[in-house]
1. Would you confirm whether any residue within the stretch 210-219 is in a helix (DSSP H, G or I) and farther than 23 Å from E119 by Cβ?
2. Restricting the search to the stretch 68-82, which residues are assigned to a loop (DSSP other than H, G, I, E, B) and either open to solvent by 60 Å² or more (accessible area, probe 1.4 Å) or aromatic (F, W, Y) (or both)?
3. Out of the stretch 185-204, which residues are more than 8 Å from the ligand (Cβ to nearest atom) and of a type in the set (S, T, Y)?
4. Residues being part of a loop (DSSP other than H, G, I, E, B) and either open to solvent by less than 10 Å² (accessible area, probe 1.4 Å) or within 13 Å of the ligand (Cβ to nearest atom) (or both): count how many of those fall in the stretch 225-239.
5. Can you name the residue in the stretch 26-67 that is near the ligand (Cβ under 8 Å from one of its atoms) and open to solvent by less than 20 Å² (accessible area, probe 1.4 Å) and is also farthest from E217 (Cα to Cα) among such residues?
6. Does A173 meet the test of being under 19 Å from V100 (Cα atoms), within 16 Å of the ligand (Cβ to nearest atom) and in contact with a strand residue (DSSP E or B) (Cβ under 9 Å, 6 or more places away or on another chain)?
7. Starting from the stretch 202-220, keep only residues that are open to solvent by 30 Å² or more (accessible area, probe 1.4 Å), then list their pairs with residues that are in a helix (DSSP H, G or I) and near the ligand (Cβ under 10 Å from one of its atoms) whose Cβ atoms are within a distance under 9 Å, requiring at least 6 positions of separation or different chains.
8. Within the stretch 5-14, is there a residue that is in a helix (DSSP H, G or I) and within 14 Å of the ligand (Cβ to nearest atom)?
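The values are calculated or read from the model by the stated rules, or taken from the named source; none is laboratory data. Because the structure is predicted, anything quoted here is derived from the model rather than measured. Here the Cβ positions follow ideal geometry from the backbone for every residue, glycine too, while neighbour counts run over all protein chains shown. For accessibility, only protein heavy atoms count, side chains too; no ligands or nucleic acids. Shrake-Rupley method; radii C 1.70, N 1.55, O 1.52, S 1.80 Å.
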Amino acid sequence: MQIDKNLIEKLKASKSIVFFTGAGISAESGIPTFRGKEGIWNKLKPEELANFDAFLKNPELVWEWYNHRKKIIHQSQPNQGHIAIAEMQSALGGFPEVAVITQNIDNLHRRAGSKTVYELHGNIERNYCIKCRTFYNEELDFSKGIPKCKCGGLIRPDVVWFGEYLPENQFDASEKTAQNCDIFFIVGTSAVVYPAASLIFTAKQNKAYLVEINIEETEISNYADWSFYGEAGSILPQIINEIKKFHNNSH
Ligand code: APR
């Protein structure tokens, strides 16, 4: 795969880089995406599983679904895409600022060693009481049915459901980061879910160089300055190798 010299020059001149990721970056770890041919939402109804009213109506079904996803995630490992990004955040990458803004709840960026990770849609490893918002991050006990808080409230996963607001602190920090970055990578997302996808346009309006990495064209392909069509797990390591090359040559 040829890496455009413009992109290499941009990388060389960059101080702040953002990786905006979606379910596609975890596909090679065996975690199904939401849309597309094998997408989850082709088989299951988000209105029955990923919204608050559905949870109140049938918490057993919603928990069965999240425990099923958690099981798949716990059996999965970060792939070369997650690892390459973590490397770019480390001294190896040599960039002062590299942030991950993710729509994924699978915690794989953190498990790959990424430090600065903004989680727009929450994290499946956290849970909280819907009544008093006490957090429960240890494994929950389902032996006596749906876990309840000591206040009696139902405990839910700390993920953002359709119709819910994104966590303000995560979105605000993501917006600031998108406003001040030099390169904004868009990795493995269909870019159809808002307000997350609005960050792409925030970066564009602030003159960031947009680089898309996806197995196919998406809603935002026309806005990208450069697009790589292929698997994130093979493209991202190649980009980090290019970066290592010019860092080694400069020392
Ligand atoms: N490498 C790169 N891109 C890939 C790969 C891969 N190996 N496999 C799939 N893709 C791409 C698909 O072509 C698609 O464009 O990843 C994208 C996944 O899109 P979605 O399934 O729509 O996932 P995402 O964009 O993350 O969804 C956003 O929607 O359902 C909600 O809350 C959920 O966070 C999620 C949000």
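1. Restricting attention to the stretch 210-219, the residues satisfying the condition of being in a helix (DSSP H, G or I) are none.
No; the residues of the stretch 210-219 include none that is in a helix (DSSP H, G or I) and farther than 23 Å from E119 by Cβ.
2. So in the stretch 68-82, the residues assigned to a loop (DSSP other than H, G, I, E, B) come out as 75-79.
Correct list: Q75, Q77.
3. Those that are more than 8 Å from the ligand (Cβ to nearest atom) and of a type in the set (S, T, Y): Y194, S198, T202.
4. The number of residues fulfilling the criteria is 2.
5. The selected residue is A50.
6. Judged against the criteria, A173 is not a match.
7. I215/G24; I215/A27; I215/A232
8. The initial filter retains those residues of the stretch 5-14 that are in a helix (DSSP H, G or I), namely 5-13.
With within 14 Å of the ligand (Cβ to nearest atom) added as a condition, the list becomes none.
The answer is no, given that none of the residues of the stretch 5-14 is in a helix (DSSP H, G or I) and within 14 Å of the ligand (Cβ to nearest atom).
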